[in-house]
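Input: a single structure, listed below in structure tokens.
The values are calculated or read from the model by the stated rules, or taken from the named source; none is laboratory data. Here the structure is a predicted model, which means the values were calculated and not measured. Counting neighbours? That spans all protein chains shown, and the Cβs are built from the backbone with ideal geometry, glycine included. All accessible areas refer to the heavy atoms of the entire protein, side chains included, with ligands and DNA or RNA removed. Shrake-Rupley method; radii C 1.70, N 1.55, O 1.52, S 1.80 Å.
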Amino acid sequence: MKLLIDDANVEKIRKLVAEYPVDGVTTNPSILAKAKRNPIETLHEIREIIGQDALLFVQAVPTDTEGMIKDAKAITKEFGQNTIVKIPSIPAGFAAIRELKKMGIHTCGTVVYTPMQAYLVAKAGADYVAPYVNRIDNMGYDGVGVVKEIQNILTNNHMDTEVLAASFKNSMQVLSLCEYGVGAATAAPDVIEALVKNAAIDQAVDTFVDDFKKLGYGDSMAEILDK
């Protein structure tokens, strides 16, 4: 399962990219607005941090087919071939995805709340489909369960579209979908860090360090070997 950062805070992204094996960054208009700066400058800085080979998801803003296509062409021209254009999963979006596929532009059907949306996105030819786990939960349904249902639809119908699960409230949701084998998940920095945030882990590491120091030869293997 690919793991992506769902944020536009460049300092947080820089830290996570340095420490975690992430595959890229996802953004949307609301995430970019939270950065409170020119969105193009933000996206260029993110691309510089993650490199040209990593995935960068950028959303088309218009809600009409022609506008989505125009945005998608401009986005991929500006940020490179490994940029995936997020397209709202609405009728105008399905039409845009079909046309963009003909142009060789990679897309992700976003704002997905139902399995039927996901099915139509995949039929249209999107590379990814992004169901919103937590938002589905807030509607009174089982977000993780809906994502699993979507994965089953894609698998059973031999569709090439990958699930990009989004909108997580905790790390257990991410792990549950990882176990199920979905294609990708994108999570906020605090959710990613919570994957290994455990007092028992920290205590065990501290104990190893303290026990080694008690030997009296140095604080590290390198310190001993370099003498």
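In the stretch 55-72, the count of residues that are modelled with pLDDT of 95 or more, of a type in the set (D, E, K, R) and open to solvent by 80 Å² or more (accessible area, probe 1.4 Å) is one or more. If we scan the stretch 188-199, do we find a residue that is open to solvent by less than 20 Å² (accessible area, probe 1.4 Å), closer than 30 Å to E99 by Cα and part of a helix (DSSP H, G or I)? Looking through the stretch 188-199, none of the residues is open to solvent by less than 20 Å² (accessible area, probe 1.4 Å), closer than 30 Å to E99 by Cα and part of a helix (DSSP H, G or I). Quick check, is I90 within 24 Å of Y132 (Cβ to Cβ) and free of Cβ contacts under 8 Å to residues at least 40 places away in the same chain? For I90, the condition - within 24 Å of Y132 (Cβ to Cβ) and free of Cβ contacts under 8 Å to residues at least 40 places away in the same chain - is met.
Looking at the stretch 1-42 only, could you name the residues that are open to solvent by less than 30 Å² (accessible area, probe 1.4 Å), in a helix (DSSP H, G or I) and under 24 Å from G183 (Cα atoms)? I13, L16, I31, listed by residue number.
Scan the stretch 100-111 and give yes if some residue there is under 18 Å from the mean Cα position of the chain (by Cα) and closer than 20 Å to K169 by Cβ, otherwise no.
The answer is yes, given that some residue of the stretch 100-111 is under 18 Å from the mean Cα position of the chain (by Cα) and closer than 20 Å to K169 by Cβ.
With respect to the conditions (1) closer than 16 Å to L164 by Cα; (2) touching a strand residue (DSSP E or B) at 6+ places or on another chain (Cβ under 8 Å); (3) not hydroxyl-bearing (S, T, Y), P189 falls short on a single one, namely (1).
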